[in-house]
Amino acid sequence: MELEKLINSLSALMSVTGHEGNGKAELESLIGAGFDESFTDAVGNRFFVKRCGREGAPKILIDAHMDEIGLIVSDIKDDGFLTVAPIGGVDLRTLQAGDVVIYGKEKIFGVVGSTPPHLRRPDEGNSLKEATELLIDTGYSKEKLSELVRIGTPVGFKPVYRHLFGSRIAGKGFDDKSCAACAVMGISRVAREELAGDVYLMLSSREETGMFGGAAPGAYSIAPDYAMVIDVNLGKTPDTSKSETVAVGGGASLTLCPVTDRTMNKKLIALAKEKEIKTQVCVTGGSTGTNASAVNLAGAGIPCVDVGLPLKGMHTATEVLDLEDAESVAALVALFVSTKDLTEVTA
Amino acid sequence: MTREEKLQLLSELCLEFGPTGSERYVAKVIKEKLGDIEYTVDRLGNIIVHIPGEGAPKLMVSAHMDEVGFIINEITDDGYLKFDTLGGIDPRVMCGKYVTVEGKEGFIPGVIAAKAIHHQNADERKKVTPHKSMYIDIGATSREEAESLTEPGNSATFDSEFVIFGEDGAFIKSKAIDDRIGCAVLLDLLGRLPKNCPFDLYFCFTVREEIGLSGARTVAHAIDPDFCIVLESTAVADLPDVPESRRVAKLGDGCAISLRDNATIYDRDFVNFALEAAKKKGVAAQIKKYVSGGNDAGSIHRSVDGVRALAISVPSRYIHSPANVISTADYLSMSELVLAIIENGKEL
Amino acid sequence: MLDIFKKISAAHGVSGAESDTAGVIAELMTEYTDDIRIDNLGNLIACRHGVGENRKKIMLCAHMDEIGFMATFIEKNGFIRIAPIGGINYTAVALTRVRSERGVRGIIAPEAKTKPADFRAENFLIDIGAKDEKEASRRVKIGDCFRFDNDQIKLLGSRVCGHPADDRIGCAVLVDIARQLHGEDIKDDVYFVFSVQEEVGCRGSKTAAFAVEPDISLAFDVTATGDTPSATPMACELGRGAAIKIKDSSVICDPTLVDELIEVAKDKKIKYQLEVLLYGGTDTSSMQMTGAGSRAGALSIPTRYIHSANEMIDMADAQACADLAAEYIRRGE
């Protein structure tokens, strides 16, 4: 399958934090074929394993988080309206008048309500409604809706994808399922005997809701020798500076910071240059803001690199990425799982 | 037309491109739909179909073709499109939405974007981002690339799906229901007019309603009608968090007939006549219970020596957004309501 | 359960100083469990062994600690400066009675002329009625913890108020679950964990979960309600039954576990409601993510005026939580 199609198919699955298991069968059919086994752990991390076939080979962990931001139902009101609570850092500016799907016993289409200028009160000023103040319009009666939906039912953006000019694409859920697609693609390109070790692809749960991500218990139970964490990275837009972003179209980013492994970073950057894989570095003084920090400190510690796919409009229903960057990430994954002495310090 | 055909027609018209000043795309489709029916197009682009009724009073029935949208006013060095709005659009419904941009050749997809939430401070996150701080991302990476695709002065509309949803498909969601619904009803009515029509009829598809009720003004001047019926959609808020007194009208209770809005005080006899005609024919109708908005009646009723005006609107939630929501039944009843009025026209 | 609740609630247990409470609970639990121990942080862990073939480990957890104040300095005039322990709502606690772990009584008061908007630890003092520093320091040592001195009182119906409901009512629920299962064979191993230091960041449950390594974990704690005038909208009310947690700000519960709990409640006609809490965290999150993680959920007791000296609950809700959990355990995996 070509990368764009895989990105869109994975991203279209509803996987609002806590509900990563929603598209389990679809996920299996989309990517399962290239792996030897797959399993789910207690917190919803989904693992796909591709073995190299050698005894005592190292364990390599590739992490991309499966969950996405979204909403859950907090109450069912009269005339088929729902109130919701936000899950993760939903961009409030983008919700009103958007299309959503309520994943109850049946999939139900809904519209996020908005107030037209004709009926707006002057005292509302330029304030923005909180997610909890919004109403989702389903067009059902309360009775019928209550049969299909309960408090806690997840609500996701309706998946709609567009191919923009050149190699740019837009849609929901690219954070972080586009990276999952790149990881699958990268791993699939390396023949079993070429693998540097047994590869554990972890599509981790619960990244978007803050301090308690699934990556920590996942990495703890697998206890890999080293790891690559892949997540989307904030792409440069006209209203941001270069130092706080990465260039869209600039290739896969590698984060240089105290969390990530210096040896692996240096080797990867050099090797990528040799293989003409486009990379850029992203430097930060603190944490990576991704699962890398959790993976790095799991158990007795796991050396890791943090790879980013530049993304604009993060946490909206219309995130924009460049397929060429995605290709670079996939190539970097292939390089990572096929290079044998990555963690060895050379003179 | 069957129910399915009516829904298909509305879908086709709503999804067509036609922001204020760029109605030519939707106008082309309407002209195709008119087929053999004779029509004229005036200097502003209004389409007029005349169905003569000798000696009878002149009745103008109008709907506007334009929709709210955007106009590109600048292309940035890094290939983004800055824009102004065409018509009143709240910035709360723009950010993060798909748009269709009028390109140099055909249409191009884009996204209205702004600084990511991660780069906003706590204060910014609670406030509306004004449209001047947003831009359209079409995927171009440089000014040259963007300029090869489109140019300032070109316009854009929301790119949003037409969806029939809710219990038993009771509701419709789309962009531009305001006012393609009026256009759809006019097209439906053209094939269903009574033989001995008591009016000299003018069906008008007008331009530029969303900014200054402009197109209708010149048409009305040219026609000089005795009566007019404006077919519209009106903003309602029949929502659980809005007090009853501000809900305007209720979806599913039939089309709303206005007593007054911010542009027009409607002819009281005409309003009562319409309500009576609806009752007689068993068509649902409701009175709009709030004063808000304005429509083409505002310019029509003031033209020449004055026109007795009536507005029939399908109640719509969230208008001027990519997701207008109406009741399917209200839409289907609109033609019947207009027919009831025309059929009883002698008593007016 | 009310008597047990009152008894547990009366024991001192400000975060970090939970041993009195642990003692009271241990006494109650010994009869109902196979072994009982206190770990390095002070968590009380009692275990009932299951007899099932493929038995799983179920961890039930309620925290023993309560919010309060620690004496940090004694002024010349005998007033005591304090540091808060846990999240204190100063407007709610101004001028309430407090009692130290040594039994010294007093009231907590803001400095005169402090506007409510400026209320914080620095401008609050405990007044034990001492004449001067000398008298005060005979009764209070720096480091002594004060708790609210508000015994549980019965209001109308099955409603009770006092301090602390958070989370001694959870502890009482755990004791009641153990009582209900006493003498029955159960399939799975059930760990009753009475955790420490929840109010300062869910610290106790973390080490307990690491040691227990549960497959399934359930927290029992209080949750907010939306049933008082002008409350933030929340579909949770006193008296509407056990609140099965969907989420709070620290956790999204395992959706399958939520479904299983709903099913048991429906089957056994146990009153329940679903809880979406926008603010506040519980031990659920630390049990979910510690070690290799577990399938985690929570049964909450709807509570008004949380973190005040008058937390109000409905005992029927607590009973529903206990019944639901006991029934869930009886079913086994």
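Is it the case, given these coordinates, that C:S286 is at pLDDT below 95 and closer than 27 Å to C:F148 by Cβ? Considered against the rule, which asks whether it is at pLDDT below 95 and closer than 27 Å to C:F148 by Cβ, C:S286 comes out as yes. The single condition among (1) modelled with pLDDT under 95; (2) surrounded by 22 or more Cβ atoms within 10 Å (Cβ to Cβ) that C:Y90 does not meet is (2).
Just to be sure before I move on: is B:I71 under 25 Å from B:Y318 (Cβ atoms), within 11 Å of chain A (Cβ to nearest Cβ) and crowded, with 18+ Cβ neighbours inside 10 Å in the structure I sent? Considered against the rule, which asks whether it is under 25 Å from B:Y318 (Cβ atoms), within 11 Å of chain A (Cβ to nearest Cβ) and crowded, with 18+ Cβ neighbours inside 10 Å, B:I71 comes out as no. Report whether or not A:I62 is out of contact with any Asp or Glu (no Cβ under 9 Å at 6 or more places or on another chain), within 14 Å of chain B (Cβ to nearest Cβ), in contact (Cβ under 8 Å) with a residue 40 or more places away in the chain and hydrophobic (A, V, I, L, M, F, W, C). Considered against the rule, which asks whether it is out of contact with any Asp or Glu (no Cβ under 9 Å at 6 or more places or on another chain), within 14 Å of chain B (Cβ to nearest Cβ), in contact (Cβ under 8 Å) with a residue 40 or more places away in the chain and hydrophobic (A, V, I, L, M, F, W, C), A:I62 comes out as no. Among the residues that make up the stretch B:57-66, is at least one of them buried (at least 24 other Cβ atoms within 10 Å of the Cβ), in contact (Cβ under 8 Å) with a residue 60 or more places away in the chain, of a type outside the set (S, T, N, Q) and within 11 Å of another protein chain (Cβ to nearest Cβ)? Checking the stretch B:57-66: not a single residue is buried (at least 24 other Cβ atoms within 10 Å of the Cβ), in contact (Cβ under 8 Å) with a residue 60 or more places away in the chain, of a type outside the set (S, T, N, Q) and within 11 Å of another protein chain (Cβ to nearest Cβ). When the stretch A:281-302 is examined, which residues are found to be in contact with a Leu (Cβ under 9 Å, 6 or more places away or on another chain) and touching a residue at least 60 places away in the same chain (Cβ under 8 Å)? Once the filter is applied, which keeps residues that are in contact with a Leu (Cβ under 9 Å, 6 or more places away or on another chain) and touching a residue at least 60 places away in the same chain (Cβ under 8 Å), the stretch A:281-302 yields A:V295, A:I302. Only helices (runs of 4 or more DSSP H) whose full extent lies in the stretch B:214-311 are considered here, and the ones with at least 1 residues that are more than 23 Å from B:H64 (Cβ to Cβ) and among the charged types (D, E, K, R) are B:268-281.
Which residues, counting only those in the stretch A:301-313, are over 16 Å from A:I269 (Cβ atoms) and crowded, with 22+ Cβ neighbours inside 10 Å? Result: A:I302, A:L309, A:P310, A:L311, A:K312, A:G313. Taking the criterion of being within 12 Å of another protein chain (Cβ to nearest Cβ) and either among the β-branched types (V, I, T) or closer than 27 Å to B:V207 by Cα (or both), would at least one residue in the stretch B:300-312 satisfy it? Looking through the stretch B:300-312, none of the residues is within 12 Å of another protein chain (Cβ to nearest Cβ) and either among the β-branched types (V, I, T) or closer than 27 Å to B:V207 by Cα (or both). Taken over the stretch C:173-213, the criterion of being part of a strand (DSSP E or B) and open to solvent by 10 Å² or more (accessible area, probe 1.4 Å) is satisfied by C:D189, C:Y191.
Of the residues in the stretch A:39-52, at least one is open to solvent by 40 Å² or more (accessible area, probe 1.4 Å), in contact (Cβ under 8 Å) with a residue 40 or more places away in the chain, more than 18 Å from A:T209 (Cα to Cα) and not assigned by TED's automatic domain parsing to the domain that holds A:S141.
Do you know which of the residues in the stretch B:76-94 that are out of contact with any strand residue (DSSP E or B) (no Cβ under 6 Å at 6 or more places or on another chain) and open to solvent by less than 10 Å² (accessible area, probe 1.4 Å) is nearest to B:G21 (Cα to Cα)? Applying the filter and picking the extreme gives B:V93.
Residue-wise test of (1) of a type in the set (S, T, Y); (2) assigned by TED's automatic domain parsing to the domain that holds C:I306.
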{"position": "C:S158", "(1), (2)": "yes, no"}
{"position": "C:I169", "(1), (2)": "no, yes"}
{"position": "C:A172", "(1), (2)": "no, yes"}
{"position": "C:R179", "(1), (2)": "no, yes"}
{"position": "C:Y191", "(1), (2)": "yes, yes"}
{"position": "C:V196", "(1), (2)": "no, yes"}
{"position": "C:G204", "(1), (2)": "no, yes"}
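Taking the stretch C:214-254 as the range and being in contact with a Phe, Trp or Tyr (Cβ under 8 Å, 6 or more places away or on another chain), open to solvent by 10 Å² or more (accessible area, probe 1.4 Å) and among the aliphatic types (A, V, I, L, M) as the test, only C:A224 passes. For the residues B:I89, B:I71, the requirement of being of a type in the set (V, I, T), part of a loop (DSSP other than H, G, I, E, B) and farther than 27 Å from B:L310 by Cβ singles out B:I89. If you go through the stretch A:137-158 and pick out every residue that is within 27 Å of the chain's Cα centre (by Cα) and more than 11 Å from chain B (Cβ to nearest Cβ), you end up with 8.
The values are calculated or read from the model by the stated rules, or taken from the named source; none is laboratory data. As the structure is a prediction and not an experimental result, all values here were calculated from the model. When we count neighbours, we look across all protein chains shown, and the Cβ atoms used for this are built from the backbone with ideal geometry, even at glycine. Side chains included, ligands, DNA and RNA excluded: accessible areas come from the protein's heavy atoms. Shrake-Rupley method; radii C 1.70, N 1.55, O 1.52, S 1.80 Å.
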